[in-house]
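So the structure is just underneath, and the comments pick up after that.
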């Protein structure tokens, strides 16, 4: 089973495809930034803006009685004191009406407790054993955001430094280009997800970007190493050697991506809901990352 | 060959050690896996950074308060120079803790200014009114939508505001009530003059039920010098109609007259009681705050996470499913593609799992959900090195080399690019660990440890196991290492 990817012939198609993806991502980011309901390049979750998230299960036999979210909200408005909060409340029933999930702006512990009590009166009884509640103050949110952005910048700087020390200029530059390509596309996908499905990003998303950065560069490094090694003992021309090296490491790169995707797939299928979008972001990053390592980065090395 | 046998025994020894460690030092589970609450407390300082001493001082006050609250197995640690993290395992309600911890608990004793007798009387009356309104509003649940009640409340608020010559900024009624009460508290406090007696002069606090009714009172015990100060202060106002106010965080919780019998010596004995209609719970909270002393800097609770125990155990189960199914997927894929080599990598992966978990219990690493996801992700990355090596071995075999030779050079040639390739992932982990929050640190730690251990298991362990395998003649056939269609190549 020999692989024969025709990089030379398809260089334009590859670069065109990547440019298309990047433009699409930029479009999502710009749309999200200038849309009045977001005003941010990506839909920031409560980790970064503060708020209160509550998920709690109701105690009921197989099927729970049906409540319309609006009627529950109406009742909550009647018995809760802080009107400001209740104007910005989102409530959903999931799992056959068994699971209630609520998002509100930031509440104090006292207010959050009242909310739960009121909820218990309306749709109870509730099972406090399976409650998941998070309260994040707006101050902490801002801090987390700066924290994540700094981490990303520092990591990117460290990786660039490592690449420049390890490779010569061109290689380092192209590896970095491929890296930014991967990050931008994953970011763009989540911008679109935010616009279409109102998916929010939290600090785990930043973690996934960092992990993708580390992982995707790793793939590129392996391929570039192979190219360098083959160029030293080359029998064919420069471009052909690059193509040969890519084909030689094709199996390895796809296989490692697949073995990394398997555990992520298990996390998506069986893991806790709080890890769902995180695992998805990582999976996307690994797919885009192996594409850019196998096809994009070596294509950039080709000489016309 | 001899040296490899040594490695084999070493690996078996490590495995036994890991199992021993895991049995005797079980893994520490984070709150998201066993249920409980976590509060992040932010120290508020308007100018400059929080110094180490200040952090230390806040830490010890909070620690004392937590201990006095009697929560079991709580854990308090500092984070990043100006934050504290308090963990309360189990079903303990974070509400009480947040109420007790969040207050500065600055206790002051003040004496009334002369000639403010009538001013205080009116303010006290208004305070009583507003307290009653707040109570009505809180208990009135359904009647809030009752327009008559609303109208009555609005009128009352207007009347009080006019009397006070104050207008509140809040839009909703409840906000207005709270705001007015704060204003009244401030006005009352202003009618009193500071003394040099404060919460610092306390050596103990307690509580007891009042004899005449079901209310509670809080007892204060002063230090020697505190007792003298208290006697001095009470002496100065005894027999006058100036009152003594006990003020907690700017709110007067008790105003009392000092009888004329104390004119000569003041109140001696070094103790005092505060009786301000406390419920049992309120009295206990005040007691805990006073015992712990006041906070040198105010704090704010910026984050509360709480997870029910049932959900925690569900999370463990889900993670276990994910980890095992991930391992099985990877195992099937590897064995399908690499036959015996694949089987070797699966064995290495199992070793990898044990070593990882053993190291978590040794360091120790508290296992959280993100931590587990780091571990699961690193399973995929751990085989990465194996794939690199096996691909090399395949190439060597295809070139017609002998099995032993192919294996040797496969491991040798792949070595450098494996170590190199993991550096970037380690860099990311390192940055995450340095700059990340508590939550993120767990992921960085497990992924980073995983990558490091995988270097050992996929390079050394798989080589040793493979060498052990090929000592058996029957396992030396080339087609056990290469799927047949490749072999013809």
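The values are calculated or read from the model by the stated rules, or taken from the named source; none is laboratory data. Keep in mind that what you see is a predicted model, and the values were worked out from it rather than measured. Using ideal geometry, Cβ is built from the backbone for each residue, glycine included, and neighbour counts are taken over all protein chains shown.
Below are the figures for this structure:
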{"read-out": "Residue in the stretch A:258-270 that is within 8 Å of another protein chain (Cβ to nearest Cβ) and at pLDDT below 90 present", "value": "no"}
{"read-out": "Residue list for the stretch B:284-305, restricted to those being more than 21 Å from the chain's Cα centre (by Cα), over 15 Å from residue B:63 (Cα atoms) and buried (at least 23 other Cβ atoms within 10 Å of the Cβ)", "value": "B:286"}
{"read-out": "Matching residues in the stretch A:196-219 - criterion: being surrounded by 18 or more Cβ atoms within 10 Å (Cβ to Cβ) and over 20 Å from residue B:448 (Cα atoms)", "value": "A:199, A:200, A:201, A:202"}
{"read-out": "Out of A:246, A:288, A:222, A:207, sole residue that is under 22 Å from residue A:174 (Cα atoms), in a helix (DSSP H, G or I), at pLDDT below 90 and in contact with a helix residue (DSSP H, G or I) (Cβ under 6 Å, 6 or more places away or on another chain)", "value": "A:222"}
{"read-out": "Filtered residue count, the stretch B:401-418, keeping only those that are in contact (Cβ under 8 Å) with a residue 24 or more places away in the chain and within 14 Å of chain A (Cβ to nearest Cβ)", "value": "4"}
{"read-out": "Only one of B:375, B:359, B:327 that is within 11 Å of chain A (Cβ to nearest Cβ), surrounded by fewer than 23 Cβ atoms within 10 Å (Cβ to Cβ), within 25 Å of residue B:24 (Cβ to Cβ) and in contact (Cβ under 8 Å) with a residue 24 or more places away in the chain", "value": "B:327"}
{"read-out": "Out of B:8, B:33, B:76, sole residue that is farther than 28 Å from residue B:281 by Cα and touching a strand residue (DSSP E or B) at 6+ places or on another chain (Cβ under 8 Å)", "value": "B:33"}
{"read-out": "Single match in B:33, B:22 (criterion: within 30 Å of the chain's Cα centre (by Cα), in a helix (DSSP H, G or I) and buried (at least 17 other Cβ atoms within 10 Å of the Cβ))", "value": "B:33"}
{"read-out": "Single unsatisfied condition, residue A:198 versus (1) at pLDDT below 90; (2) in contact with a helix residue (DSSP H, G or I) (Cβ under 7 Å, 6 or more places away or on another chain); (3) under 21 Å from residue A:281 (Cβ atoms)", "value": "(2)"}
{"read-out": "Residue B:421 vs. criteria out of contact with any strand residue (DSSP E or B) (no Cβ under 7 Å at 6 or more places or on another chain) and either part of a loop (DSSP other than H, G, I, E, B) or in contact (Cβ under 8 Å) with a residue 40 or more places away in the chain (or both)", "value": "no"}
{"read-out": "One residue from B:389, B:376 being assigned to a helix (DSSP H, G or I) and under 41 Å from the mean Cα position of the chain (by Cα)", "value": "B:376"}
{"read-out": "The stretch A:125-156, residues that are out of contact with any helix residue (DSSP H, G or I) (no Cβ under 9 Å at 6 or more places or on another chain) and more than 9 Å from chain B (Cβ to nearest Cβ)", "value": "A:125, A:146, A:153"}
{"read-out": "Flag if residue A:110 is closer than 22 Å to residue B:39 by Cα, outside any helix (DSSP H, G or I), within 14 Å of chain B (Cβ to nearest Cβ) and touching a helix residue (DSSP H, G or I) at 6+ places or on another chain (Cβ under 9 Å)", "value": "no"}
{"read-out": "Test: residue in the stretch A:182-194 that is crowded, with 16+ Cβ neighbours inside 10 Å and within 14 Å of chain B (Cβ to nearest Cβ)", "value": "yes"}
{"read-out": "Check on residue B:110, in contact (Cβ under 8 Å) with a residue 40 or more places away in the chain, touching a strand residue (DSSP E or B) at 6+ places or on another chain (Cβ under 7 Å), closer than 30 Å to residue B:232 by Cα and surrounded by 14 or more Cβ atoms within 10 Å (Cβ to Cβ)", "value": "yes"}
{"read-out": "Any chance residue A:179 is touching a residue at least 12 places away in the same chain (Cβ under 8 Å), outside any helix (DSSP H, G or I) and either facing chain B (nearest Cβ under 9 Å) or within 22 Å of residue A:287 (Cα to Cα) (or both)", "value": "no"}
{"read-out": "Test: residue in the stretch B:44-51 that is away from chain A (no Cβ under 14 Å), at pLDDT 85 or above, under 22 Å from residue B:439 (Cα atoms) and surrounded by fewer than 21 Cβ atoms within 10 Å (Cβ to Cβ)", "value": "no"}
{"read-out": "Filter result for the condition that a residue is touching a residue at least 60 places away in the same chain (Cβ under 8 Å) and within 14 Å of chain A (Cβ to nearest Cβ), over B:440, B:431", "value": "B:440"}
{"read-out": "Candidates B:227, B:276, B:250, filtered to the one that is at pLDDT 80 or above, more than 14 Å from every other protein chain (Cβ to nearest Cβ) and over 30 Å from residue B:50 (Cβ atoms)", "value": "B:227"}
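Per-residue answers, yes or no, for (1) surrounded by fewer than 20 Cβ atoms within 10 Å (Cβ to Cβ); (2) part of a strand (DSSP E or B); (3) modelled with pLDDT under 80:
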{"position": "B:85", "(1), (2), (3)": "yes, yes, no"}
{"position": "B:98", "(1), (2), (3)": "no, no, no"}
{"position": "B:105", "(1), (2), (3)": "no, no, no"}
{"position": "B:118", "(1), (2), (3)": "yes, no, no"}
{"position": "B:136", "(1), (2), (3)": "yes, no, yes"}
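Results for (1) within 14 Å of chain B (Cβ to nearest Cβ); (2) farther than 16 Å from residue A:193 by Cα; (3) assigned to a helix (DSSP H, G or I), shown as yes or no for each residue.
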{"site": "A:3", "(1), (2), (3)": "yes, yes, no"}
{"site": "A:11", "(1), (2), (3)": "no, yes, yes"}
{"site": "A:15", "(1), (2), (3)": "no, yes, yes"}
{"site": "A:19", "(1), (2), (3)": "no, yes, yes"}
{"site": "A:22", "(1), (2), (3)": "no, no, yes"}
{"site": "A:25", "(1), (2), (3)": "no, no, yes"}
{"site": "A:39", "(1), (2), (3)": "no, no, no"}
{"site": "A:48", "(1), (2), (3)": "yes, yes, yes"}
{"site": "A:53", "(1), (2), (3)": "yes, yes, no"}
